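The values are calculated or read from the model by the stated rules, or taken from the named source; none is laboratory data. What you see is a predicted model; the values in this text were computed from it and never measured. Cβ: placed from backbone, ideal geometry, glycine included. Neighbour counts: every protein chain shown. For the accessible areas, the whole protein counts, side chains as well, though only heavy atoms, and no ligand, DNA or RNA atoms are used. Shrake-Rupley method; radii C 1.70, N 1.55, O 1.52, S 1.80 Å.
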Amino acid sequence: MADTVMVKNVRLVDPSGVQLPAGDFRLNDRPASLEGKTLGLLENSKANSDKVLNELGLMLQEKYGFKEVRMFSKHSASLPTKSETIEDMLNGVDVLITGVGD
């Protein structure tokens, strides 16, 4: 968690967060083909992010043969994605694209 300091009635937060413990990190293997896979699109709830990602999803489905395109939404652009949404994405998609709007 970020360090927080109270000064009078103002709360100052150090945005640099915490040092994560060192550990193994590797990217998932890339699929040989996207055909028949499920594409997830996560929009950040800002204006037009859903429109841009919907259009992108249609184009990618046509080009790569995704069996399904699923749209996910953050409840707030400035907050982390809810754990239920993350769990749903982890269990329900093969490939995920995130996008912003404005």
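Laid out as a table, the results:
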| read-out | value |
| --- | --- |
| Those residues of segment 16-53 which are assigned to a helix (DSSP H, G or I) and open to solvent by less than 80 Å² (accessible area, probe 1.4 Å), in sequence order | S49, D50, L53 |
| Extreme residue, nearest to V69 (Cα to Cα), among residues of segment 22-49 that are over 13 Å from the mean Cα position of the chain (by Cα) and at pLDDT 90 or above | T38 |
| Counted residues, segment 56-66 - those being open to solvent by 70 Å² or more (accessible area, probe 1.4 Å) and in contact with a strand residue (DSSP E or B) (Cβ under 6 Å, 6 or more places away or on another chain) | 0 |
| Residues of segment 79-102 classified as among the β-branched types (V, I, T), open to solvent by 50 Å² or more (accessible area, probe 1.4 Å) and touching a Ser or Thr at 6+ places or on another chain (Cβ under 7 Å), total | 1 |
